[in-house]
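Following: one structure in structure tokens, then a few remarks.
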Amino acid sequence: MDTHTFKIYASITELPGSWDAVAVENAFLQTPYLRVLEESAPTNMQCFYIGIFEKTTLIGVALAQYLNLNQLESFGERDQCLKTTVRNFVFKNFASHVLFLGNNMITGQNGYVFNKNIDAKNISELLVACATEIIHFFKKQQITIHIVSFKDFYQHCAEELKQYAFASMYEFTTQPNMIFDLPESWETHEDYTAAFSKKYRDQYKRSHKKIEGIVTRELSLAEIHSNEERIYELYHHVAKNAPFNTFFLAKNHFSTFKKQCGEHFVLCGYFSDEKLIGFHTLLLNGDILETYFLGYDEQIQKEKMLYLNMLYNMTKYGIEHRFRKIIFGRTALEIKSSVGAKPVIMTGFIYHTNKWINKLMSRIFPKLEPSLVWQQRHPFK
């Protein structure tokens with residue numbers, strides 16, 4: 001760190017003019033997306049934008065997010081059991097103020113980017129120093145950060161980082177990131193379906209028959225505005241029934257996203273008799289297609305196999321628009337594998353600022369993570 005310094009900004013209006021040129025390789029660190037966070041972040045989230053300098057030249061940018069879990073209406077209502085009750089008690093009382101170095105709203109290594117090669121030693125030291133400064137910022141406001149998490153590293157990066165400043169932290173993995181690497185030879189959706197084995201081709205045909213009569217179309221900004229209440233209602237139903245949440249989106253999140261990111265944000269609506277009964281969203285990040293939040297009417301979802309059809313439609317979009325891969329994220333691992341996605345392990349690092357609790361992190365953390373048993377599907381010949 002001898003030649004590198006950093007500066008933490010609380011507003012994007014303060015960012016250096018060269019910010020987007022440095023962040024060019026990742027749309028989730030560029031100012032249009034950062035404006036989305038600033039204008040429509042979850043109510044329990046505060047974002048910090050980090051500029052990393054070599055002497056006076058900006059060479060790297062990073063994102064940090066503070067979450068106050070005391071402001072959360074629910075951690076998730078799907079799993080009601082003793083383990084969940086204990087987990088919620090622990091989070092409320094010993095881990096309610098959380099600092100993420102990275103982006104807790106999306107899956108993947110989107111926490112920082114540099115425009116030149118920086119070794120793992122420097123990166124790890126810079127990230128830890130940034131966390132320490134933000135902890136001090138909150139301490140002045142009489143807020144104690146309980147947990148610091150550096151999230152979502154691919155394994156080769158994690159192996160390098162833990163040789164240095166991350167060495168003393170607890171290394172963890174949660175649910176894998178489901179990623180679909182699209183073959184270059186696929187040019188049409190028919191190329192994709194032709195690659196299915198008979199069992200999964202039959203599944204595809206059956207699901208498409210179920211959704212007959214449902215109209216699917218991409219929504220404009222004006223249409224998102226006019227459907228905003230219904231979109232949020234459908235999103236919130238799915239979100240609150242997830243096994244675990246650390247935030248809920250703001251009601252204006254999707255319209256803000258479309259306004260700021262334009263064609264790089266796609267919201268696709270599903271209509272029955274002109275009533276919105278579901279939607280999915282996509283983020284266009286260079287040659288990578290990232291799936292984002294979705295929502296649906298539960299009863300229609302079951303009847304019409306709506307979620308599976310959404311996955312097929314996302315895949316179709318990725319193929320026909322020539323994306324290299326689709327990031328499907330965590331959750332619903334089995335059904336995502338049935339459309340072609342494969343699990344990729346993501347690693348994080350975490351520590352508690354109370355040294356006594358931190359010593360027990362290797363025992364505590366595995367007990368808080370919801371248990372997961374699933375079977376990977378192999379849909380292709």
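If a residue has to be over 16 Å from VAL238 (Cα atoms) and assigned to a loop (DSSP other than H, G, I, E, B) to count, how many in the stretch 317-333 make the cut?
4
Would you be able to tell me the number of residues in the stretch 341-355 that are in a loop (DSSP other than H, G, I, E, B) and either open to solvent by 10 Å² or more (accessible area, probe 1.4 Å) or without any contact (Cβ under 8 Å) to a residue 12 or more places away in the chain (or both)?
Total satisfying the criteria: 3.
Tell me whether the stretch 325-332 contains one or more residues that are hydrophobic (A, V, I, L, M, F, W, C), assigned by the TED database to the domain that holds LEU267 and on the phi > 0 side of the Ramachandran plot.
Yes, there is a match, as at least one residue in the stretch 325-332 is hydrophobic (A, V, I, L, M, F, W, C), assigned by the TED database to the domain that holds LEU267 and on the phi > 0 side of the Ramachandran plot.
Quick one: which helices (runs of 4 or more DSSP H) sit completely within the stretch 159-264 and have at least 1 residues that are hydroxyl-bearing (Ser, Thr, Tyr) and buried (at least 19 other Cβ atoms within 10 Å of the Cβ)? Let's see the steps before the verdict.
Working: elements: 189-194, 198-210, 221-226, 228-240, 253-261.
Filter on the stretch 159-264 gives 189-194, 198-210, 228-240, 253-261.
I'd like the full set of residues that are among the aromatic types (Phe, Trp, Tyr) and either open to solvent by 10 Å² or more (accessible area, probe 1.4 Å) or over 24 Å from LYS240 (Cβ atoms) (or both), limited to the stretch 279-327.
Scanning the stretch 279-327 gives TYR292, PHE293, TYR296, TYR307, TYR312, TYR317, PHE323.
Write out, first by first residue and then by second, each pair whose Cβ atoms fall under 6 Å of each other, whose residues are 6+ apart or on separate chains, and whose first residue, in the stretch 93-122, is free of Cβ contacts under 8 Å to residues at least 60 places away in the same chain and closer than 17 Å to THR347 by Cα while the second is open to solvent by 30 Å² or more (accessible area, probe 1.4 Å) and acidic (Asp, Glu).
Short answer, once both residue conditions are applied: ALA120/GLU160.
In this structure, does GLU125 turn out to be open to solvent by 60 Å² or more (accessible area, probe 1.4 Å), among the acidic types (Asp, Glu) and part of a helix (DSSP H, G or I)?
It is false that GLU125 is open to solvent by 60 Å² or more (accessible area, probe 1.4 Å), among the acidic types (Asp, Glu) and part of a helix (DSSP H, G or I).
Taking the condition out of contact with any helix residue (DSSP H, G or I) (no Cβ under 8 Å at 6 or more places or on another chain) and at pLDDT 95 or above, does MET314 pass?
Considered against the rule, which asks whether it is out of contact with any helix residue (DSSP H, G or I) (no Cβ under 8 Å at 6 or more places or on another chain) and at pLDDT 95 or above, MET314 comes out as yes.
Quick one: in the stretch 1-41, of everything that is in a loop (DSSP other than H, G, I, E, B) and over 22 Å from the mean Cα position of the chain (by Cα), which residue is surrounded by the most Cβ atoms within 10 Å (Cβ to Cβ)?
Checking each candidate, the answer is LEU15.
Please state which one of GLU303, GLU334 is of a type in the set (Asp, Glu) and modelled with pLDDT of 95 or more. Write out each step before concluding.
On the way: GLU303 fails: modelled with pLDDT of 95 or more.
Only one candidate passes the filter, namely GLU334.
The values are calculated or read from the model by the stated rules, or taken from the named source; none is laboratory data. Worth saying up front: this structure is predicted, and the values here are computed from it rather than measured. Cβ atoms come from the backbone with ideal geometry, glycine included; neighbour counts cover every protein chain shown. Keep in mind that these areas ignore ligands, DNA and RNA; they rest on the heavy atoms of the full protein, side chains included. Shrake-Rupley method; radii C 1.70, N 1.55, O 1.52, S 1.80 Å.
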